[in-house]
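The values are calculated or read from the model by the stated rules, or taken from the named source; none is laboratory data. Nothing here was measured: the structure is a model prediction, and the numbers come from that model. Note that we place each Cβ from the backbone using ideal geometry, even for glycine, and neighbour counts take in every protein chain shown.
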Amino acid sequence: MTRRVAVGQQRRSFLRLMAVVARRDYLRTVRRRGFVFGTALLPAAMGGLLLLSSLFGSPPAVPAPAAALTVVNESAIPLQPATGAQLREVDRATADSELARGALGEFYIVPAGYPAAPEIQRVAASGRSPAIEDFQRWSGQEPVLAATLRLSLLADAGVRPDVAERVARPISVRDVSVDGAPSDPVVGGFGFIVPYAFTFLFVMSIFITSGYLLQSVTEEKENRVVEIVLSSVPPQPLMFGKIVGLGAAGLTQVAVWVATALIALPLAVERLPMIDGLEISPLVVGLALVFFVLGYLAYGAIFAAVGAIAPGTREAQQYSGFFGFFAVVPLLFAGAFFADPGSALVTVLAVVPLTAPAAMLQLLALSAEPPWLLVAASLLSLGAFAALAALAASRIFRATLLLYGARPSLRGILGAITARG
Amino acid sequence: MTAQEAGPHPVVVEGVSKRFGRVDVVCDLSFEVQAGEVLGFLGPNGAGKTTTMRMILDIIRPDSGRIAVFGGAPGLAQQHRVGYLPEERGLYRDVSAVDTLTYFGSLKGMSGGDARRQAEALLRELGLGDSMAKRAGELSRGMHQKVQVIATVLHRPQLLILDEPFQGLDPVNAQMLRDLVLGQRDRGAAVVMSTHDMNEAQTLCDRLLLIDHGRRVLYGSVTDIRRGFASGAVEVEGEGIPSSPGALRSADDAIASNGRIRFVLRDGASPSDLFRELAASGAQVTRFEEAAPTLNEIFIRAVAGEPRGDTA
């Protein structure tokens, strides 16, 4: 009974100290000028981009006008413009004159021997190399000219105009839902955007928070405050308090960015119609959150240990960069996730603990139904790793935090991890 | 029953050992610290003093042996009763003194409000009232030292562990710390203090523990240890004292220096025998004192391998 009371008191003390450390590290971080500046920078940049886009951009929602083209028809086939085509027939002298004046960018010549001689000439202004907009214009003009010539050949062969039109444009696809209501496949296809956003936020918050954690731990070592702190707080609540407090600071930054994005979204919808009416499965969001939190705990423990081991800030950043790289690996293999989510590479990335969070967040984004077996294996692997990493990190924290300016040996670190108690 | 006797000893260390790599830093060390006393923790550099203090604070764990702090295992349950001034000490450079102290007080179980009020009161008491909102980076070294000392006693600990507290202190701050140590002892707190300054140890400490290579060399009250190292000599001052060799039966030799005569006692003779002889000789004795070595001499002799003062 007495032992149970003592254990209860220890647990309360542990949580109280953890809360004191977390609260203090959180408030200290979010009040820093660097934090406030960094947090405000992204929303400011987004706002600036929207402003620039509204000032100088052309709204993409307005359909582009049909490509206009000028044709010199030297063949015996009368031209029948395709529906909607802006086609103008002129003689060669007029075309040359307009091109020379700059009134035309180019014109097309249907040769006298057409269709036996199928080569169509495109005459463009000489003296300059084609620019991007020339290629874009030509790629719009060519299908229009092709449809026009197809219709013209069919009409010349005596095919009925309505049949000729169907030969030229055989199908017209309209998307509907099961109940027959119109739907937009582009909008549905963007259902993966939130889990993908989670993936990016996870990777970003890993780097942001690792920076805060390393800064906090190395600062306490360099300022020689850590021994006073350790005489009041055992290493475990100190480490977990820092992970929670600085993780919360990192998430605050991300939350501000997400909130800004949500506010900016209605404005962006006008320019990105595919995100209008976006619906995300709550199950996918829930799973993504679980992977996010477990992944953060695993990386947080590693970065806390790195801060304790590293003799200075520079070394701490180098070590953390090595571990942080694993968080990015699944994003480097994004192509494999798109090409075949069931591939061996994807499965390995989903099960290896350090790559599991970003891999599973991507996989959830791309799968119509969560791959439950892989989800379970990944959760088990990541959960076990996070627990072991936290335990090992707290032992490393205890053993190495007071090695001012000295780098512990690998043997020493392994000894600390495997030590009793 | 006095307050000191009421509870378990603030610190009991029994057969504690600690090894780092291939080096035995602390070997089978035992001692205790009583409430209301200052225990001087002496030893050469690398003797294992800081390691022992860190084990009492549960910053590191012993490989074997037992440590009890207020009757329980060191750690969470005891940490709010302990104040620690480490040898390597600093402050958060970009945080104000009062904010740092409030944080340290909160870690020791005080509410945020109480910690801040107490920190402000102590800062004012030590003349830092105008500097409490300044960042530590803007404070002088002397001010830093005062803030660090306040951090140690802010929560009125019942056990103070001070690792080389006088190192680098200016005379004013050294006196402040001396007064503080004695004040804490007088209110019933136990103080463990490591130092290389033997004069400070002799002035402030009630008992001493001297370790070397992690092993206990001397342990006991200052008086007993000095007596244990007494060399069988007596120092005498006065008029008409016979000082020629062989003039007194109980002394082998007599050396005059600075107005006093140092008599080396013959084997089997006691200071009382010498005193009686002097009285019978008609000499007027104004000072008669057993010649005990200074702590500095004892330290050098003990560390050089003359262990004979352990009176525990």
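Here are the numbers:
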| quantity | calculated |
| --- | --- |
| Whichever residue in segment A:1-19 is at pLDDT 80 or above and small (Gly, Ala, Ser) and, among such residues, is nearest to A:Ile243 (Cα to Cα) | A:Ala19 |
| In segment B:47-84, residue surrounded by the fewest Cβ atoms within 10 Å (Cβ to Cβ) [restricted to those that are at positive phi, more than 8 Å from chain A (Cβ to nearest Cβ) and not hydrophobic (A, V, I, L, M, F, W, C)] | B:Gly71 |
| Failed item, numbered, when B:Glu120 is tested on (1) surrounded by fewer than 19 Cβ atoms within 10 Å (Cβ to Cβ); (2) within 14 Å of chain A (Cβ to nearest Cβ); (3) under 25 Å from A:Leu27 (Cα atoms) | (2) |
| Condition check for A:Val144: of a type outside the set (D, E, K, R), in contact (Cβ under 8 Å) with a residue 24 or more places away in the chain and touching a helix residue (DSSP H, G or I) at 6+ places or on another chain (Cβ under 8 Å) | no |
| Any hit, segment A:319-336, residues being touching a residue at least 60 places away in the same chain (Cβ under 8 Å), more than 23 Å from A:Leu364 (Cβ to Cβ) and either outside any helix (DSSP H, G or I) or outside the structural domain of A:Lys242 (by TED's automatic domain parsing) (or both) | no |
| Residue in segment B:90-112 that is more than 10 Å from chain A (Cβ to nearest Cβ), in contact (Cβ under 8 Å) with a residue 40 or more places away in the chain and under 22 Å from the mean Cα position of the chain (by Cα) present | no |
| Test: residue in segment B:29-37 that is over 15 Å from the mean Cα position of the chain (by Cα), more than 10 Å from chain A (Cβ to nearest Cβ) and touching a residue at least 40 places away in the same chain (Cβ under 8 Å) | yes |
| Number of the exception - A:Pro60 against (1) in a helix (DSSP H, G or I); (2) modelled with pLDDT under 75 | (1) |
| Qualifying residue in segment B:165-180 (condition: among the acidic types (Asp, Glu) and in contact with a Lys or Arg (Cβ under 6 Å, 6 or more places away or on another chain)) | no |
| Single residue of A:Val167, A:Val159 found to be more than 36 Å from the chain's Cα centre (by Cα), farther than 23 Å from A:Val72 by Cα and assigned to a helix (DSSP H, G or I) | A:Val167 |
| For B:Ser30: the one exception among (1) modelled with pLDDT of 95 or more; (2) polar (S, T, N, Q); (3) assigned to a loop (DSSP other than H, G, I, E, B) | (3) |
| Qualifying residues in segment B:252-276 (those that are in contact (Cβ under 8 Å) with a residue 24 or more places away in the chain and assigned to a strand (DSSP E or B)) - the one surrounded by the most Cβ atoms within 10 Å (Cβ to Cβ) | B:Phe263 |
| Of all residues making up segment B:274-312, the number that are at pLDDT below 75 and either of a type in the set (S, T, N, Q) or over 26 Å from B:Thr195 (Cβ atoms) (or both) | 1 |
| Answer from A:Leu238, A:Leu294, A:Leu246 - the residue that is at pLDDT 85 or above, within 14 Å of chain B (Cβ to nearest Cβ) and in a helix (DSSP H, G or I) | A:Leu238 |
